Amino acid sequence: MVYRIANRKAPAALVATALGVGSLVLAPLAYLLLRALQAEPAQLGSILFRAQNLELFLNTLWLVAGVVVFTTLLALPLAWLTTRSNLRGKRLFTLLFALPVVVPGYVGAYALLASTGPGGLLEALTQVAWPRPSGYWGSLFALTLFTYPYLFLNLRTAFLGLDPSLEESARSLGVGGLEAFGKVVLPQLRPALYAGWLLVGLHALGDFGVVSLMRYPTFSYAVYLQYSASFDRIYAAWLALMLLSFTVGLLYLESRFLRGLSLSRVARGASRKQALIPLGAWRPWAYLFAAVVVMLSLVGPVLSILFWTRQFPFDSSFALLEGLYNSARASLPAALLATLLALPVAYLGVRYPGPFSRMVERTAYLGFATPPLAFALALIFFSLRGVPALYQTLALLVLAYALHFLAEAIGPVRAALYQTPPKLEEAARSLGSGALEAFLRASFPLIRRGVLASVALVFLSCLKELPLTFLLSPVGYNTLATRVWGYTSEAMFAEAAPFALLIVLLSGLFMGMLLAQDKS
Amino acid sequence: MTREPLAEKTLLEVQGLSKRYLADAPAVVNNLSFSISESEVFALLGPSGCGKTTLLRLIAGFERPDAGEVYVQGVPMGRLPPEKRSIGFVFQDYALFPHLSVWQNVAFGLRRLPSRERRQGALEVLNLVGLTVFQDRKPHQLSGGQQQRVALARAIAPGPKLVLLDEPFSSLDAGLRQATRDEVRALLKSRGIGAVLVTHDQEEALSFADRLGVMRAGSIEQTGTPEEVYGNPKTPFVAQFLGRTNLVAGEAKGRQVETPLGCLALSQEAYGPVLLSLRPEGIGLEAGTEAEILAREFKGHDLTLRVSFLGREYLVQESPTCPFYVGDRVRLVVRASAVVVGRGTPERVKADSRA
């Protein structure tokens, strides 16, 4: 059951807190804009109209478009196979197709680079050195293989929610097979497709690990180069802004496409189950397709990591412990902080829905959608100007993680709050508890699971996060993620392997925990 | 506990309370006033959507009024938050804390006490509702009636002078409802706690309350003891909402009134065109020719008949031994005096009663 109170004014303290959280996310971005506008008009012209910008723009555009197309080519058939066809082992396949989300892009790129080339896993197996992927196709390959699960999961849910009678009525009207799919099914999948494309597109846009390892110049990579190599701050700020406007454009496109689309779901628990479509002679091909995807996105990378881990010089085990410790030391406080900040935002959205609460929530999502490099740069400028003592401290890294992943923390907390009747807090208040005490004593115990899920989710994301860590961590502060990237960029695959293995194992563990909690 | 005998001190006073949720929608509570005295049990009766729950929430402080004031023991509540009002509240579906045991629920409001005394206090109140054996259970392990008693125990544990009850018996099945009602009333009375109960069940209001108010569209149409309001409804709405009645137009001439049923006695003096309420139990049947029985509804302890007379239908309540059946010709005999529920021509009165 879902509980809501409409048309009620939120307490001023709550509004102020939520507003504070929202401005924490917005302030660095606003400062980024301010900073970029400091350029002299003449200088501005030379910054804006560089041929390099157009190249970066086109490169970024091609990458995003390519990733959207190729993830769809993987996710759409796979989602159909695991929901509508009579493929056997659907549950196992669903799990296998969803699992690559635990492999961060840069680990995926590592696996691709480490399994090819001289000394790679493929050479060990085939006695031939395979060419190393790089540039556009390398980036596209890595991003497609490790982001398609987002689209797959969205489409799967949509397929399961379809009303079978619509397709049946199309058939009764003489429209069958592929034509019915195109005319009836596909239009109903549109909201899920757009949402999935947005997720995948934002990933490709914000990605730094893959494009830097594959040496493919996009906005993200250029921001990094400007910042780390030549340190032209104003140009870096402008590049970050261009990246940001790309993001805003993507968000706008999505909302534009979604407008006018009825998002109302078909009544849940439809009376009849959808009839499964027999694969017939296609069955072997379906299994082959599924097997290739699983091989490339899961088995191959894991084997490659294990292959190299065997060659790891174990006298550097200390670095492994240090990386793990550093990752946890930044991620845990960030996860707790993000959840703490998410509580007032989620509470406002659930108990006092309205334009204001929606705006605060959207701000949090904007922080999440902002490419991490742009966000990191904004925070660097902001801290250097506002609180210079914060620059190059762990505190700033924790804050960056928390603000960037705030949106992830809001989800589970909000879902749990929807299940908690507001009457309990009213009962507490009629028994003498103040507003905050009523929340803590009456509602908080009931949303504890949601809060834990938020903490786990953000912890996992921080653990995997590369670009924010890269730009904001104190000098010499190495985490699992920065070690994987650092060693890989120098082709030290054996040194990188155990770090990559640890990331994948920890991600898998947390993912399993979250899924198990969902079920119980 | 000693109580001052018959000291009619005002416990709760509501003055000109108004509340609207949307600027362009009609007020949910409209300039409403009433008061109750100490340890009085007051019922607000009205159809769903008449604003009675909103009124209760305004008194509790969960909602802010647009205008008007609530006084508890003479103290204006103003913008005081609910936790500062010392008013107990029993919710329709009880709103027991699912993560706390029964005794912890009851002890929730005893927060200023050291833990041992909290438990002691909670158990004392639980004893009053006869649930000490269930003290360590969780709410979902109790039956509906038991949950309802825990909710009441929780509300009265901090010792409020006033308890608000929002349709507290509506989720109990019929058999349990009467017994629980009697227990709750006895408990409130024994502790001298005043109560405002909100309900749409007229039988509940009549049997539970010392006094009741009939609400309609955000206003109270009439207040009084159950006997007064039932026997002397002031408006057609009250007459129809509290039990069944026959609304009859007539021409009043002092203590008498000319109606299609003949010249009847009036309960109070009136002149000119009036609308009258005649309760079914005030009309009897005799053998005759002028009226015909249309329907017969046997209910065991009594019998309700629908009778057609001069092109109109009347409800008549007779003893179960009444010998007439559908199709029989009879004569209507009015035994009670008619009550004036509206003045003016029937058309105007009708329009008023719809407004």
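The values are calculated or read from the model by the stated rules, or taken from the named source; none is laboratory data. Values in this document were obtained by computation on a predicted structure and should not be read as measured data. Quick reminder, even Gly has a Cβ in these numbers, built from the backbone with ideal geometry, and neighbours come from all protein chains shown.
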Task: Out of B:Ala174, B:Ala155, B:Ala179, sole residue that is under 20 Å from B:Leu56 (Cα atoms) and of a type in the set (A, V, I, L, M) - done: B:Ala155
Open item on the list: Can you list residue pairs whose Cβ atoms sit under 6 Å apart, with the first residue in segment A:185-209 being assigned by TED's automatic domain parsing to the domain that holds A:Leu74 and the second being small (Gly, Ala, Ser) and modelled with pLDDT under 85? Count only pairs 6 or more apart in sequence or on different chains.
Closed with: A:Leu189/A:Ala158; A:Ala192/A:Ala158; A:Leu202/A:Ala369
TODO: Taking the residues in segment A:8-44 that are surrounded by 13 or more Cβ atoms within 10 Å (Cβ to Cβ) and not in a helix (DSSP H, G or I) as candidates, determine which candidate is modelled with the lowest pLDDT.
DONE: A:Arg8
Task: Residue check, A:Pro333 under 20 Å from A:Ala407 (Cα atoms) and out of contact with any Pro (no Cβ under 6 Å at 6 or more places or on another chain) - done: yes
Open item on the list: Any residue that is under 18 Å from the mean Cα position of the chain (by Cα), outside the structural domain of A:Met214 (by TED's automatic domain parsing), among the charged types (D, E, K, R) and under 21 Å from A:Leu199 (Cβ atoms) - is there at least one of those in segment A:409-418?
Closed with: no
- [ ] Looking only at segment B:297-315, decide whether some residue is under 26 Å from B:Ala217 (Cβ atoms), polar (S, T, N, Q) and touching a residue at least 12 places away in the same chain (Cβ under 8 Å).
- [x] no
- [ ] Would you confirm whether any residue within segment A:194-208 is modelled with pLDDT of 80 or more, over 20 Å from A:Glu254 (Cβ atoms) and crowded, with 19+ Cβ neighbours inside 10 Å?
- [x] yes
TODO: Hey, could you check segment B:120-129 for residues that are more than 25 Å from B:Thr199 (Cβ to Cβ) and surrounded by fewer than 21 Cβ atoms within 10 Å (Cβ to Cβ) and say which is farthest from the other protein chains (Cβ to nearest Cβ)?
DONE: B:Asn127
Task: helices (runs of 4 or more DSSP H) fully within segment A:407-520 counting 2 or more residues that are out of contact with any Ser or Thr (no Cβ under 8 Å at 6 or more places or on another chain), more than 14 Å from chain B (Cβ to nearest Cβ) and of a type outside the set (Val, Ile, Thr) - done: A:444-464, A:467-472, A:480-489, A:493-519
Task: Listing of strands (runs of 3 or more DSSP E) fully contained in segment B:1-119 that carry 3 or more residues being within 14 Å of another protein chain (Cβ to nearest Cβ) - done: B:87-90
Open item on the list: Going through A:Ala79, A:Ala114 one at a time, which residue ends up being over 19 Å from A:Leu140 (Cβ atoms), aliphatic (A, V, I, L, M) and in a helix (DSSP H, G or I)?
Closed with: A:Ala79
Task: Tally of residues being over 15 Å from B:Ala239 (Cβ atoms) and outside any strand (DSSP E or B) across segment B:262-285 - done: 0
